[in-house]
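The values are calculated or read from the model by the stated rules, or taken from the named source; none is laboratory data. Just so you know, these numbers come straight off a predicted model, no measurement behind them. Here Cβ is always computed from backbone atoms with ideal geometry, including for glycine, and neighbour counts include all displayed protein chains.
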Amino acid sequence: MRGIGPRAALWLSVVAALPLAVTAPATAEKQPYTVQCETAATSGTHCKVDKATYIGWRTYHAFCHVCHAQDAVGSTFAPGLLERMREIDKARYLQSLNEGYTGQIGVMPAWKDNPNVNKRYEQLYAYLRARSDGVLPPGRPKRLQ
Ligand code: HEC
């Protein structure tokens, strides 16, 4: 009986390498926020953030906190976004906000028709990434001048 030839073996290794290639851009992506905290700060009030992250914080607490809770820690009917933002890449984040998302926990409406949100996807992303990377503690940050 013939085993798999070198060509097939090469093809298999290419297929096996694919998932890595797909997730690489998400981790290699540049940090979308600037956060400067006082030493050992446990509250966002002791941190300063760039304008985009600050607008993200503000937008989040106007439109998202009602479900995902203050500081994005999650509620009984919407997931904590600290963990979730580590699990999804940016393309999926944008798609879920645009189209809405239905999962095991519940249903999120689409945001693509709400200009107060759909113009601020990047800022929301910066804020949520700063939170999920563990760089920005809970609480209202100040703005870097
Ligand atoms: C009406 C309640 C509600 C509001 C308001 C809401 N969400 Fe959600 N969100 C949910 C639910 C429910 C899920 C999906 C939970 C699940 O996986 O079953 C979700 C999921 C998500 C996800 C993960 C999507 C994925 O692909 O896994 C992100 C990111 C997210 N929300 C961000 C936001 C942001 C940013 C806002 C504010 C613009 C927001 N949400 C407002 C309820 C809400």
Flagged in region 88-122 as assigned to a helix (DSSP H, G or I), closer than 18 Å to GLN31 by Cβ and acidic (Asp, Glu), in numbering order, are GLU122
Cβ pairs under 6 Å, 6+ apart or interchain, first in region 72-86 and in contact (Cβ under 8 Å) with a residue 24 or more places away in the chain, second more than 8 Å from the ligand (Cβ to nearest atom) and not in a helix (DSSP H, G or I), ordered by first then second residue, are VAL73/GLY80
If we keep only residues of region 72-85 that are touching a Lys or Arg at 6+ places or on another chain (Cβ under 9 Å) and part of a helix (DSSP H, G or I), then the residue surrounded by the most Cβ atoms within 10 Å (Cβ to Cβ) is ALA72
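Rundown of residues vs (1) under 11 Å from THR59 (Cβ atoms); (2) out of contact with any strand residue (DSSP E or B) (no Cβ under 7 Å at 6 or more places or on another chain); (3) of a type in the set (Gly, Ala, Ser), yes/no style:
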| position | (1), (2), (3) |
| --- | --- |
| ILE105 | no, yes, no |
| PRO109 | no, yes, no |
| ASN114 | yes, yes, no |
| VAL117 | yes, yes, no |
| GLU122 | yes, yes, no |
| LEU128 | yes, yes, no |
| ASP133 | no, yes, no |
| GLY139 | no, yes, yes |
| GLN145 | no, yes, no |
Picked from region 47-71 (must be outside any helix (DSSP H, G or I) and within 13 Å of the ligand (Cβ to nearest atom)), the residue surrounded by the fewest Cβ atoms within 10 Å (Cβ to Cβ) is ALA69
Filtering region 11-60 down to residues that are among the β-branched types (Val, Ile, Thr), over 14 Å from LYS90 (Cβ atoms) and at pLDDT below 55 yields VAL14, VAL15
